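Novice: Before anything else, here's the structure in question.
Each value in this text was obtained by applying a stated rule to the coordinates, not by laboratory testing. These figures come from a predicted structure and were not determined experimentally. Using ideal geometry, Cβ is built from the backbone for each residue, glycine included, and neighbour counts are taken over all protein chains shown.
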Amino acid sequence: MKYLLSRVYSRSIKMKRVRFIFFLPLCLILQACSGLVPSGFPVASAIQPTTTPLNETVVFVGDSITAIWGEQADFTAHNNWINKGISGETSTQLADRYQRDVVDLHPGTVHIVIGTNDVSPGWKLCDPFARDRATATTPPGPAALKSLPETCSNILYMLETAKRNKIKVVIGTIPPWGCSDRPKCGLSISDVSQKRYDRIAQLNSWIKTFAVEEGVTLVDYHTALTNAEGLHYAAGLTLDGIHPVAAGYALMQPLVESALDQ
């Protein structure tokens, strides 16, 4: 009789342990196991939620304006900033390498300043079908690389690609042209016509409107670097009429830092 009662009791204990082990995960999730855990089961008092930190890497892409910026001490002080500027590039060339140099790096943010090399003689602001091409999943093809840049289409393509990959976009206006005291200075003597300034103004106006319409963070570098006339670099901010010097980049730095904090 004692043997039979022992068998029944042992079987009852095993069934309780099975039921407990089965319901233990649910209890832990609900944090409602108080008083239900038998001795011998080391159970944490509560499950702490886990969070994945946001990717704070920022990739800066563009032409020589960006490439030279990456050499400045204030820029290199940010170990999460990656510079992918290439001298002489147009927006088409940037869009062509965008997947490799931006998306494949999985950044949290991409900073785009492009267009200085686009606005050459013959350039036109926007293709009326730019948005259709921008939402495509492929970058510009070989034929586009041989043609005048379709700046709007290329920038829209980069925005849509960033959206699909959950990358925040910060975009900047392109800087002024020419020196304050000598409009025909340095490299800028390659194009000193009024039409150059008109094309810069057209592109920057579009970039500002684009940023508002698309909800993109804008940094207005042109306004920060230009003189009172609104066409040329302010005194002391450029040597060649195209690229900022250290003093110019020093003005740009806090602007982008503020934009990245938004």
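Novice: Taking +1 at the Cβ of each Lys and Arg and -1 at the Cβ of each Asp and Glu, which of 61, 258, 179 sits farthest along the dipole of the range 58-261 towards its positive end, judged by Cα position relative to the Cα centre?
Specialist: Most positive-ward Cα: 61.
Novice: Then there is this: Ranked highest first by average number of other Cβ atoms within 10 Å, how do 232-245, 159-172 line up?
Specialist: 232-245, 159-172
Novice: Going highest first, how would you order 115-121, 256-262, 152-158 by mean Cβ packing within 10 Å? Numbers along the way, then the final one.
Specialist: Values: 115-121: 21.0, 256-262: 13.6, 152-158: 25.3.
My ranking of the peptides, most packed first, is 152-158, 115-121, 256-262.
Novice: Also: Can you give me the long-range amide H partners of residue 185? Hydrogens built in the peptide plane at 1.01 Å from N, cutoff under 5 Å, separation of 5 or more residues or another chain.
Specialist: 179
Novice: For the modelled label position 7 Å from the Cα of residue 71 along Cα-to-Cβ, which residues of the range 171-208 have backbone nitrogen atoms closer than 16 Å?
Specialist: Backbone N within reach: 187.
Novice: Mind checking which aspartates and glutamates have their Cα closer than 16 Å to the Cα of residue 168? Skip sequence neighbours fewer than 8 apart in that chain.
Specialist: Output for residue 168: 56, 101, 104, 160, 213, 214, 257, 261.
Novice: Here is a further query. Determine by what factor the alpha-carbon radius of gyration of the range 58-261 differs from 2.2 N^0.38 Å, reporting the quotient.
Specialist: Relative to the rule-of-thumb radius for its length, the range 58-261 sits at 0.96.
Novice: Wrap a convex hull around the Cα atoms of the range 158-222, take a quarter of its surface area, and give that in square nanometres. If you can, show how the numbers build up before the last one.
Specialist: Working: hull surface 20.9 nm².
Averaging across all directions leaves 5.2 nm² for the Cα convex hull.
Novice: Place a label point 7 angstrom from the Cα of residue 258 along the Cα-to-Cβ direction, then list the residues of the range 56-87 whose backbone nitrogen is under 20 Å away.
Specialist: So the set is 74-75, 78.
Novice: Continuing with the same structure: Quick one: Karplus J couplings for the range 55-67, per residue in order, coefficients 6.51, -1.76, 1.60, θ = phi - 60°, nearest Hz, x for Gly and Pro?
Specialist: 6, 9, 5, 10, 9, 9, 10, x, 9, 5, 4, 6, 4
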